[in-house]
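Participant: Mind having a look at this structure? Questions to follow.
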Amino acid sequence: MTEEAVKEFIKSYSELKARKAVIDKIQEYSHNKDDDLAKEYSVLAIKIQIIESALNILTEDEKQIVFLHLLDNIKWSEVKSLYQQQVGMELNYSERTFFRIQKNALKKIENFISNSHLEQYIK
């Protein structure tokens with residue numbers, strides 16, 4: 001799995017959660033059991049759990065930066081000020097430093113997925 005593939009997988013988190021929530025409601029209110037929906041629900045639940053577990057191996061700094069940039073889709077120029085607001089202190093980090101922190105976080109996630117043999121559930 002490449003760093004770019006990990007990045008795209010992490011970015012899909014919100015969409016995966018939204019799709020899972022919709023399927024959950026369909027199953028809750030539907031009188032007919034749909035095996036395809038049940039299978040998709042299971043696949044979505046696994047993918048969501050992989051992302052959440054992968055994010056849990058990161059430091060708080062790495063997690064916040066990944067959330068801001070990849071999940072909230074915030075540009076690097078804005079990540080610095082938002083991150084400083086969240087941690088409550090002025091930092092002299094450049095955009096390049098935030099990029100490097102994210103790159104290291106993605107490498108950790110890539111290693112976690114690879115070492116746990118979870119690639120088969122991501123495709």
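The values are calculated or read from the model by the stated rules, or taken from the named source; none is laboratory data. Here the structure is a predicted model, which is why all the values come from computation and not from measurement. Cβ sites come from the backbone with ideal geometry, for glycine too, and all protein chains shown count toward neighbours. For accessibility, only protein heavy atoms count, side chains too; no ligands or nucleic acids. Shrake-Rupley method; radii C 1.70, N 1.55, O 1.52, S 1.80 Å.
Participant: Looking at the range 41-58, which of the residues that are touching a helix residue (DSSP H, G or I) at 6+ places or on another chain (Cβ under 8 Å) and among the hydroxyl-bearing types (Ser, Thr, Tyr) is nearest to Leu16 (Cα to Cα)?
Facilitator: So the residue we want is Tyr41.
Participant: Where in the range 14-123 are there helices (runs of 4 or more DSSP H), lying fully within it, with 2 or more residues that are within 20 Å of Glu4 (Cα to Cα) and touching a residue at least 40 places away in the same chain (Cβ under 8 Å)?
Facilitator: Passing ranges, in order: 35-56, 60-66, 95-115.
Okay, residues lined up against (1) hydrophobic (A, V, I, L, M, F, W, C); (2) open to solvent by 50 Å² or more (accessible area, probe 1.4 Å):
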residue: Trp76; (1), (2): yes, no
residue: Ser81; (1), (2): no, yes
residue: Gln84; (1), (2): no, no
residue: Asn92; (1), (2): no, yes
residue: Thr97; (1), (2): no, no
residue: Leu106; (1), (2): yes, no
residue: Tyr121; (1), (2): no, yes
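Participant: In addition: If you take the residues in the range 50-66 that are over 26 Å from Ser77 (Cβ atoms), in contact with a Phe, Trp or Tyr (Cβ under 9 Å, 6 or more places away or on another chain) and not small (Gly, Ala, Ser), which one is surrounded by the fewest Cβ atoms within 10 Å (Cβ to Cβ)?
Facilitator: Per the stated criteria, the residue is Glu52.
Participant: Could we say that Val43 is within 27 Å of Gln120 (Cα to Cα), open to solvent by less than 70 Å² (accessible area, probe 1.4 Å) and out of contact with any Gly (no Cβ under 8 Å at 6 or more places or on another chain) here?
Facilitator: So Val43 fits the description; yes.
Participant: Within the range 1-29, can you find the residues that are under 12 Å from the mean Cα position of the chain (by Cα) and open to solvent by 80 Å² or more (accessible area, probe 1.4 Å)?
Facilitator: Glu8, Lys11, Glu15, Lys17
Participant: Checking Ala38 against (1) at pLDDT 95 or above; (2) small (Gly, Ala, Ser); (3) over 12 Å from the mean Cα position of the chain (by Cα); (4) open to solvent by less than 40 Å² (accessible area, probe 1.4 Å): exactly one of these is not met. Which one?
Facilitator: All conditions are met except number (1).
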